[in-house]
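Heads up, the thing below is written out as structure tokens.
The values are calculated or read from the model by the stated rules, or taken from the named source; none is laboratory data. Bear in mind that the values here come from a model prediction, so they are computed numbers and not experimental data. Counting neighbours? That spans all protein chains shown, and the Cβs are built from the backbone with ideal geometry, glycine included. Just the protein is used for accessible areas: all its heavy atoms, side chains included, with ligands, DNA and RNA removed. Shrake-Rupley method; radii C 1.70, N 1.55, O 1.52, S 1.80 Å.
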Amino acid sequence: MSHRSCLSVVLAAGEGTRMKSALPKVLHPLAGLPLVAHAVKAARMTDGVDVALVVGRGAEEVRAAVLPYAPDAETFLQKERLGTAHAVLSAREKIARGYDDILVLFGDTPLVQPDALAALRAAIAGGAVVAVMGFRAPDPTGYGRLLEQDGKLVAIREHKDATDEERAIDFCNGGIMAIAGNEALALLDAVGNANSKGEYYLTDIVEIAAARGLTVVATEAAYESVLGINTRAELAEAEAIWQQRRRHALMLSGVSMVAPETVFLSHDTEIEAEVHLEPNIVFGPGVTVGSGARIRAFSHLEGASIGPAAEIGPYARLRPGAQIGDSAKVGNFCEVKNAVVDTGAKINHLTYIGDAHIGAKANIGAGTITCNYDGFLKHHTEIGAGAFIGSNSSLVAPVTIAAGGYIASGSVITNDVPADALAFGRARQHNKEGLGRRLRDILAARKAANKSTS
Ligand code: UD1
Ligand code: CA
């Protein structure tokens with residue numbers, strides 16, 4: 001089908017009032033990515049697709065959300081919301097340039113599968129002038145019903161305009177459609193607004209085309225493919241479906257999860273085969289995990305790359321810019337931000353590493369803190385290969401501990417440490433013979449005196 005040209009018109013001008021949100025509906029995130037970007041990504045997965053984006057509220061933001069996935073998308077402003085056919089016609093100028101197929105997608109329908117879109121296009125390639133993505137609705141209330149006669153689609157009746165008999169039909173319009181490019185404008189221009197909402201319904205082109213003796217068909221897609229988001233409850237439902245799909249795909253590609261339902265992925269999470277994921281892990285955007293790594297329970301990761309055979313957690317937090325090398329370890333209650341951790345380095349317990357580079361096989365003791373922020377600027381800490389940082393040390397950046405440097409526990413390091421040097425950054429210890437007992441006697445006497453006077 002790659003020889004057929006296609007324009008995807010993505011409708012995203014809706015108000016989304018039922019979200020009860022200052023954010024335009026199509027910008028609400030699903031797996032960390034705005035809804036409208038999901039729709040555009042799906043459209044892009046079929047061959048040779050140009051994108052026309054129809055925007056209204058939040059036009060600039062909506063455009064920006066789509067651009068990374070369709071850099072050449074053209075944006076059209078629908079000034080008044082007069083219905084879905086009117087919305088499609090906002091892109092008239094681009095439709096008129098001549099495409100074999102016109103696909104109409106909704107910005108609030110993020111789970112549409114590329115194969116469902118391909119089925120619509122295949123119907124157009126096969127001679128249909130309009131192809132509608134139908135589905136069997138468990139509860140058809142609110143959806144347009146697909147009216148068939150002798151196995152042929154003859155009309156779509158919006159719920160509000162339907163008779164009781166028509167409302168009993170459970171084969172519904174998913175909203176997504178394909179139209180033959182050479183007929184699209186003629187059909188859309190013929191749509192009127194004589195219905196209960198006074199809107200120009202895209203769905204009316206079915207009846208118009210059928211009356212002209214043109215072929216109209218309905219394909220059948222899974223409910224998920226057409227799940228439209230109107231409320232935050234539906235958004236959560238879509239999120240659950242998305243997560244389940246993605247986890248399943250990852251497991252089939254060789255990722256182990258003992259409790260998949262507790263692993264939360266982002267739209268761009270990349271995990272190689274032979275990775276083991278323990279329960280309760282949250283992947284924010286921008287995480288990659290190399291083969292053989294193990295992410296242990298209750299870890300939160302975003303903007304991080306994890307090298308092959310590394311071990312993260314339990315209870316680890318990786319923040320943007322954390323680059324964990326091959327076979328390195330970041331253990332419990334450790335936070336790593338904007339830091340490169342080289343091969344085999346170990347950061348095992350209760351540590352904060354920020355704005356740093358940690359050399360290969362360095363060992364960072366429990367409670368180590370890189371003091372990277374002075375209240376105004378962030379500063380870098382350099383730790384050389386094979387260095388040993390004793391427990392509970394504060395490394396006051398900017399500071400360098402050269403390769404093989406050895407930091408005594410409890411140090412506050414403010415000056416650079418040369419290679420293989422031993423650095424003490426703490427007060428010397430003094431032992432006073434017998435003074436412990438004397439102090440205790442004095443304090444006990446004081447407490448007894450206090451009691452007798454109170
Ligand atoms: C639409 C279909 C209905 C189908 C349902 C599936 C029509 C007339 N009805 O109904 O048959 O069962 O989807 O979910 O098409 N939009 C604009 N500008 C407008 C109007 C709408 O951009 O002037 C956009 C909305 O932002 C949304 C999409 O078009 O993304 C669909 O509009 P909506 O009002 O949600 O249509 P439904 O009533 O759900
Ligand atoms: Ca809708």
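The number of residues in the stretch 169-186 being free of Cβ contacts under 8 Å to residues at least 60 places away in the same chain and touching a Lys or Arg at 6+ places or on another chain (Cβ under 7 Å) comes to 4.
This table checks each residue for (1) at pLDDT 95 or above; (2) closer than 20 Å to GLU335 by Cα; (3) of a type in the set (Asp, Glu); (4) open to solvent by 60 Å² or more (accessible area, probe 1.4 Å).
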{"site": "HIS379", "(1), (2), (3), (4)": "yes, yes, no, no"}
{"site": "ILE389", "(1), (2), (3), (4)": "yes, yes, no, no"}
{"site": "GLY405", "(1), (2), (3), (4)": "yes, no, no, no"}
{"site": "ASP420", "(1), (2), (3), (4)": "yes, no, yes, yes"}
{"site": "ARG428", "(1), (2), (3), (4)": "no, no, no, yes"}
{"site": "GLY436", "(1), (2), (3), (4)": "yes, no, no, no"}
{"site": "SER452", "(1), (2), (3), (4)": "no, no, no, yes"}
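Annotation: of all residues in the stretch 263-279 being open to solvent by 60 Å² or more (accessible area, probe 1.4 Å) and assigned to a loop (DSSP other than H, G, I, E, B), the one that is farthest from ALA240 (Cα to Cα) is GLU274. Check whether at least one residue in the stretch 335-357 is basic (Lys, Arg) and out of contact with any Asp or Glu (no Cβ under 8 Å at 6 or more places or on another chain), and report yes or no. So far as the stretch 335-357 goes, yes, one or more of its residues are basic (Lys, Arg) and out of contact with any Asp or Glu (no Cβ under 8 Å at 6 or more places or on another chain). You will find that of GLU15, GLU60, the residue that is within 16 Å of ligand 2 (Cβ to nearest atom), open to solvent by 10 Å² or more (accessible area, probe 1.4 Å) and under 24 Å from the mean Cα position of the chain (by Cα) is GLU15 and no other.
Out of the residues in the stretch 196-213 that are buried (at least 17 other Cβ atoms within 10 Å of the Cβ) and in contact with a helix residue (DSSP H, G or I) (Cβ under 7 Å, 6 or more places away or on another chain), which is nearest to ALA39 (Cα to Cα)?
Our first condition is that a residue be buried (at least 17 other Cβ atoms within 10 Å of the Cβ); within the stretch 196-213, this holds for 199-210.
Next, only the ones that are in contact with a helix residue (DSSP H, G or I) (Cβ under 7 Å, 6 or more places away or on another chain) stay: 200-202, 204-205, 208-209.
On the way: TYR200: 23, TYR201: 21, LEU202: 18, ASP204: 23, ILE205: 22, ILE208: 27, ALA209: 26 Å.
Ranking the candidates gives LEU202 first.
I'm trying to understand the selection: among the residues of the stretch 302-355, which are of a type in the set (A, V, I, L, M, F, W, C) and open to solvent by 60 Å² or more (accessible area, probe 1.4 Å)? Listed by number, the residues that qualify are PHE333, LEU350. All of ILE295, ILE364 fail the test of being open to solvent by less than 60 Å² (accessible area, probe 1.4 Å), under 19 Å from VAL255 (Cα atoms) and among the β-branched types (Val, Ile, Thr), apart from ILE295.
The helices (runs of 4 or more DSSP H) located wholly in the stretch 139-238 that include 2 or more residues which are away from ligand 2 (no atom under 16 Å from the Cβ) occupy 164-167, 181-189, 204-211.
If I filter the stretch 297-352 down to residues being of a type in the set (Asp, Glu) and under 23 Å from the mean Cα position of the chain (by Cα), which single residue comes out as farthest from HIS380 (Cα to Cα)? Let's see the steps before the verdict.
Pass one, the stretch 297-352, residues of a type in the set (Asp, Glu): 302, 311, 326, 335, 342.
Next, from what is left, pick out any that are under 23 Å from the mean Cα position of the chain (by Cα): 302, 335.
On the way: GLU302: 21, GLU335: 16 Å.
Among them, the one singled out is GLU302.
So, ALA221, is that one open to solvent by less than 20 Å² (accessible area, probe 1.4 Å), within 27 Å of LEU105 (Cβ to Cβ), aliphatic (A, V, I, L, M) and touching a Leu at 6+ places or on another chain (Cβ under 7 Å) or not? Judged against the criteria, ALA221 is not a match. When the residues of the stretch 13-31 are filtered to those that are among the hydrophobic types (A, V, I, L, M, F, W, C) and under 13 Å from ARG57 (Cβ atoms), the one that is farthest from ligand 1 (Cβ to nearest atom) is ALA22.
Pull up the stretch 126-156, narrow it to residues that are within 13 Å of ligand 1 (Cβ to nearest atom) and without any contact (Cβ under 8 Å) to a residue 40 or more places away in the chain, then point me to the one that is farthest from ASN230 (Cα to Cα). Reasoning before the result, please.
Initial filter on the stretch 126-156 (within 13 Å of ligand 1 (Cβ to nearest atom)): 130, 132-137, 139-147, 153, 155-156.
Among the residues that remain, those that are also without any contact (Cβ under 8 Å) to a residue 40 or more places away in the chain are: 139-143, 145, 147.
Values: ASP139: 15, PRO140: 15, THR141: 14, GLY142: 12, TYR143: 13, ARG145: 19, LEU147: 25 Å.
The residue in question is LEU147.
Restricting to the stretch 391-403, give me the number of residues that are open to solvent by 10 Å² or more (accessible area, probe 1.4 Å) and either in a strand (DSSP E or B) or without any contact (Cβ under 8 Å) to a residue 40 or more places away in the chain (or both). So the answer is 7.
Applying the set (1) part of a strand (DSSP E or B); (2) closer than 24 Å to PRO34 by Cα to ALA339 leaves exactly one unmet item: (2).
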